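One structure below.
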Amino acid sequence: MPLKVHPDIASLSSYVPGKPIEELQRELGLARVIKLASNENPLGPSPKALAALSEGTATLHRYPDGGAFRLREALADRLKVTVDQVILGNGSDEILGLLARAFLAPGDEAVMADQTFVIYKMEVTAAHGKPIVVPLKQWRHNLQAMGDAITDRTRLLFLCNPNNPTGTMVSADEVEYLLSRVPTHVVVVFDEAYFEYVQNPQFPDSIAYVKQGRSVIVLRTFSKIYGLAGLRIGYGVATAEITNFLNRIRPPFNTNSLAQRAALAALGDDEHVARSRAVIEAGMEQMVKGLTALGFAPIPSEANFVYVDVGRDGRAVFEAMLREGVIIRHIEGRMVRVTIGLEEENREFLAALKRVLHPH
Ligand SMILES: *Cc1c(COP(=O)(O)O)cnc(C)c1O
């Protein structure tokens, strides 16, 4: 008998992650592979997090603290909110799923940009909601149009800031204009996975909107600047009313004990964060200069990656770069996204790209 899968699930295709380094090494027999595909921290994890991890292994027979009290307390202290306003997820990805399941009844709408982080559409569809997709304007969220897209059925509005894959941001003024138009039955999701990299003074203080009691949630992660993507841990900050609903469907041990320990240590490692920021700042300058010299116009980015029109089929460029041992990300059409790496990784990326573009 054929499987009777829900049509919403049947409509989805699997998420395609950045290719792992070992897989490409195996496939092409390459000794050295550079991965600039998943916006990971090229310096690796905080050394303090690594030390905390080894200390945590002796108690692995115990269940983790399901409430993750110490980590939530440290986050609450740092952000000047209460502990019950902080929720942890198995990566902030998991919190996106909790939001979709908590707030969307079948047919309810969630407003999001195109292009933006692909997980929003996936989670909304999986929760039987309806993604309402609003095109970017000059590579940035079009907050006017997103505000216009809100209806009585809207429950969620996703604002990826800075936006993945474009690296662009929306300012405090623009966000406040949007918030002034958003009815209280809509939860605005500020996905700030790259928050710690942003230097622009116009960037909104989204935690302040939480403190004002607005219906917003701010999502951040330990996967990016903190260098802990493999451990899977991220957090949300919202009104206690919102976190209370999410906690009702959160799996009780959704973040593991090692992830909680490592995240707590990484949060206190200001030196690692500062060093990571400096590497990306210098690397961004190097990449933009190099890409410009090759005749491209990378979109100005606030994050640790650049989005660039390579002037030809981006998939072919992505595949040719794989044969050079460099993993980047093809997004669509002529657009590729490249994570900023270490100085020599950026240099090798630019040299490989030059060989791919001018093979003779
Ligand atoms: C990387 C990323 C995340 C979250 O990643 P987790 O590893 O699940 O915490 C969330 N949103 C965006 C836009 C990202 O790029």
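Some notes on this structure:
- The chain - accessible surface per residue (Å², probe 1.4 Å): 46
- Classified by the C-alpha gyration tensor, segment 198-282 has an oblate form. Its axis ratio a/c, with a ≥ b ≥ c, is 1.5 or above, and a/b does not exceed b/c.
- Leu43 - accessible surface, heavy atoms, 1.4 Å probe, Å² rounded to 10: 60
- Asp8 - accessible surface, heavy atoms, 1.4 Å probe, Å² rounded to 10: 50
- Per DSSP, loop chymotrypsin sites (Phe, Trp or Tyr not before Pro) in segment 221-310 with at most 15 further Cβ within 10 Å: Phe253
- Coarse-grained scattering of segment 221-330 at q = 0.13, 0.14, 0.18, 0.19 Å⁻¹, given as base-10 log I(q)/I(0) from a Debye sum over alpha-carbon atoms: -0.75, -0.83, -1.02, -1.05
- One chain, two ends: Arg355 and Leu12. Fully extended at 0.36 nm per residue, the span grows by 119.8 nm beyond their Cα-Cα distance.
- Estimated 222 nm signal from helices in the chain, with DSSP H stretches of n ≥ 4 weighted -39500 (n - 2.57), rounded to 500: -12000 deg cm²/dmol
- Straight-line reach from Lys289: taking Cα to Cα under 29 Å and skipping same-chain neighbours fewer than 8 places apart, the lysines in range are Lys19, Lys35, Lys137, Lys224, Lys354.
- Exposure rank, largest accessible area first [Arg232, Arg347; 1.4 Å]: Arg347, Arg232
- Volume in Å³ per residue [convex hull over Cα atoms, computed for the chain]: 166
- Lys, Arg +1 and Asp, Glu -1 on Cβ, resulting dipole of the chain about Cα centre, debye, nearest 20: 500
- Surface composition of the chain: carbon and sulfur atoms hold 53% of the protein heavy-atom accessible area at a 1.4 Å probe.
- Between Asp77 and Arg248, the FRET efficiency from the beta-carbon distance, with R0 = 25 Å, is close to 0.45.
- Distance between the 7 Å Cα→Cβ label points at Glu285 and Ala240: 4.7 nm.
- When the square roots of the Cα gyration tensor eigenvalues are ordered a ≥ b ≥ c, the ratio a/c for segment 8-163 is 1.5 or more and a/b does not exceed b/c, which makes its shape oblate.
The values are calculated or read from the model by the stated rules, or taken from the named source; none is laboratory data. All figures in this text were calculated on a predicted structure; none of them were measured in a lab. Please note: Cβ atoms are built from the backbone with ideal geometry, for glycine as well, and neighbour counts cover all protein chains shown. Heavy atoms of the whole protein, side chains included, go into the accessibility calculation; ligands, DNA and RNA do not. Shrake-Rupley method; radii C 1.70, N 1.55, O 1.52, S 1.80 Å.
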